[in-house]
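Remarks on the structure that follows.
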Amino acid sequence: MTLPVWQTELDDAAGAVLTVDLGALRANYLWLAAAVAPAACAAVVKADAYGLGAAAVAPVLYRAGCRDFFVAHLSEAVALRPLLPADAALMVLNGLQPGTDAACAAAGAVPVLNSLEQAESWADFGLREGRRLPAVVQLDTGMSRLGLPPDEFDALLAQPKRLAALDVVLAMSHLACSDEPGHPANAAQHRCFSRLLERLPGTRVSFANSGGILLDRSFHHDLARPGVALYGVNPTPDAAHGLRPVVRLDARVIQLRTIPAGTAVGYGAAFVAARPSRIATIAVGYADGWPRHLGGAGAAYVDGVRLPIAGRVSMDSITLDVTDLPEGRLRRGSTVELLGPHQSLDQVAAEAGTIPYEILTGLGHRYARRILDASNEGTPP
Ligand SMILES: *Cc1c(COP(=O)(O)O)cnc(C)c1O
């Protein structure tokens, strides 16, 4: 049983309540950690823990045993540092922006060195400071996004003085197609990574994101780096998993009306009632991260009944066709389910023509947030 421990604002005043279940988050971490053991399991908490609130998420994961945290920006590491004990590593995936070496060191963050330029800058900073600085080295194995391409890796290895100034705590690479287990890029990247790693013997290694964890053990190496799976999204459609949903979203009804057949609803008169209809206007719109692409396509749920979106998604509201619900079931102030047992992030993403990552990270800032305590936390393994 999980209990709300704190609320960020008055639920009643907000257009919707976003519930974050920290018990489910913890269970997902433990499931992933068991799946990769004896490898260790990190947590990717970039983008405010995929929109769920890194300040609430990261300490729960620490208490579940996580000691390696990845963010994208140095600013995210700076914000999280005081919330985590000193033995938690905070690694910055985007690496070093020019002129940020001192700030990164002062924050106690570990940069992911993605290019020769970043590696040289960090090594030279360490040489000037007279200390060996921790660093993650990312190798590009075929994604061409971030990471040292093979020629830059060669160039770095040819500079023993700079190399000696770096305490390489981790060598990592990232998979481009981990959500497609049969994609030949997975094996190709694996071969490429293995070849490059021969030149960094003894270094701790990380390769798998959420999808990579579900590929096979050969991708687990020493440290897995799940993000989206922690937050309850199955990274590999069709793969079996033991992940629990972490978020639910309930939107409030602002107004109800009954309209005769032939009446238009919303912007562009994009919906015209084919039958006498009841329309509920709810207080969530595209400004809250609910995709405008769901106009005429998406739905909300009440008592398991699908309530289609009638017409376009507005900035601050959505009109639902609630004719199929018993009259009187909804009133002003009632809530409808946008995310929950009847509608998953995957479903919403599919209907909006995007991926669950985008729905999750786009969830807005106007929601009341109800944080369910990880009350079954117990002692870490
Ligand atoms: C975002 C990210 C992850 C986490 O990916 P998921 O698919 O959410 O598990 C891991 N590694 C890197 C380099 C990333 O950018």
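Residue 326 meets the conditions (1) surrounded by fewer than 16 Cβ atoms within 10 Å (Cβ to Cβ); (2) modelled with pLDDT under 95 in every case but one. The failed one is (2). Residue 120 meets the conditions (1) away from the ligand (no atom under 16 Å from the Cβ); (2) under 20 Å from the mean Cα position of the chain (by Cα); (3) in contact (Cβ under 8 Å) with a residue 40 or more places away in the chain in every case but one. The failed one is (2).
Looking at segment 212-221, can you tell me whether even one residue there is within 11 Å of the ligand (Cβ to nearest atom) and in contact with a Ser or Thr (Cβ under 7 Å, 6 or more places away or on another chain)?
Step one: list which residues in segment 212-221 are within 11 Å of the ligand (Cβ to nearest atom), which gives 212-214.
Now drop any that are not in contact with a Ser or Thr (Cβ under 7 Å, 6 or more places away or on another chain), which leaves 212, 214.
The answer is yes, given that some residue of segment 212-221 is within 11 Å of the ligand (Cβ to nearest atom) and in contact with a Ser or Thr (Cβ under 7 Å, 6 or more places away or on another chain).
Within segment 212-222, work out how many residues are in contact (Cβ under 8 Å) with a residue 40 or more places away in the chain and assigned to a loop (DSSP other than H, G, I, E, B). Here the count works out to 3.
With the structure loaded, tell me whether residue 33 is part of a helix (DSSP H, G or I), more than 21 Å from residue 248 (Cβ to Cβ), in contact (Cβ under 8 Å) with a residue 12 or more places away in the chain and in contact with a Cys (Cβ under 6 Å, 6 or more places away or on another chain) or whether it fails that test. Yes, satisfied. Restricting attention to segment 198-211, the residues that are in contact (Cβ under 8 Å) with a residue 40 or more places away in the chain, of a type in the set (A, V, I, L, M) and surrounded by fewer than 22 Cβ atoms within 10 Å (Cβ to Cβ) total 1. Based on this model, can you work out whether residue 235 counts as open to solvent by 10 Å² or more (accessible area, probe 1.4 Å), closer than 27 Å to residue 348 by Cβ, within 22 Å of the chain's Cα centre (by Cα) and not hydroxyl-bearing (Ser, Thr, Tyr)? Yes: the conditions hold for residue 235.
Residues that are part of a helix (DSSP H, G or I) and open to solvent by 60 Å² or more (accessible area, probe 1.4 Å) were ranked within segment 171-197; the one that is nearest to residue 235 (Cα to Cα) is 184.
Among what's in segment 66-104 and is part of a helix (DSSP H, G or I) and acidic (Asp, Glu), pick the residue that is nearest to the ligand (Cβ to nearest atom).
It comes out as 76.
Across segment 212-232, the qualifying residues are those that are among the aliphatic types (A, V, I, L, M) and open to solvent by 20 Å² or more (accessible area, probe 1.4 Å), and the one among them that is farthest from residue 363 (Cα to Cα) is 215.
The values are calculated or read from the model by the stated rules, or taken from the named source; none is laboratory data. All values reported here derive from a predicted model rather than from experimental measurement. Reconstructed Cβ throughout: ideal geometry from the backbone, glycine too, with neighbour counts over all protein chains shown. To get the accessible areas, we keep the full protein, side chains included, count just its heavy atoms, and leave off ligands, DNA and RNA. Shrake-Rupley method; radii C 1.70, N 1.55, O 1.52, S 1.80 Å.
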